Amino acid sequence: MTLQELEQHVHQLSVAERLSLLNTITRSLQHDLAQPQDHTQQTKRALVEQLRGCLKQPGKPAPTDAEIDAMREQRLVEKYLT
């Protein structure tokens, strides 16, 4: 069923049925909108772990936050000031 077909069918429903449908859609949206925040945190953590793995050199520990800040600053200087 396409969106247009669904919209046409909605107009044929009674007021009580439309209110029930609205309630169902609202609950569905609330559930879906609550999920991405958890997923986003998991995704961010996974990306951080991947980046640590990329920056880690064999036989050496992963760079510290200060070292990463210095690398970032150096990159920004190269990008914008040279």
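We did not get these values from a lab; they are worked out from the coordinates using the rules stated. Only a predicted model underlies this, so the values are computations on that prediction, with no experimental measurement involved. Every residue, glycine among them, receives a Cβ derived from its backbone with ideal geometry; neighbour counts consider all protein chains shown.
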- Query: Angle, helix 65-81 long axis vs. longest principal axis of the chain, Cα atoms, 0 to 90°, nearest 10?
  - Reply: 90
- Item | Fraction of the pair-distance distribution of the chain above 22 Å, Cα-Cα pairs, percent | 60
- Message: For the chain, take the longest principal axis of its alpha carbons; what is the angle in degrees between that and the long axis of helix 15-55, to the nearest 10 within 0 to 90?
- Response: 10
- Message: Using only Cα atoms and rounding to the nearest 10 degrees, what angle (0 to 90) does helix 3-12 make with the longest principal axis of the chain?
- Response: 40
- Can you pull the one-decimal nm distance between simple spin-label points at Glu67 and Asn23, each 7 Å off the Cα toward Cβ? 5.9
- Note on the structure: Computed over the Cα atoms of segment 8-49, the Rg and Dmax in Å are 17.1, 53
- Can you list residues whose amide H is under 5 Å from Ala62's amide H, if they're 5+ apart or on another chain and H is modeled 1.01 Å from N? none
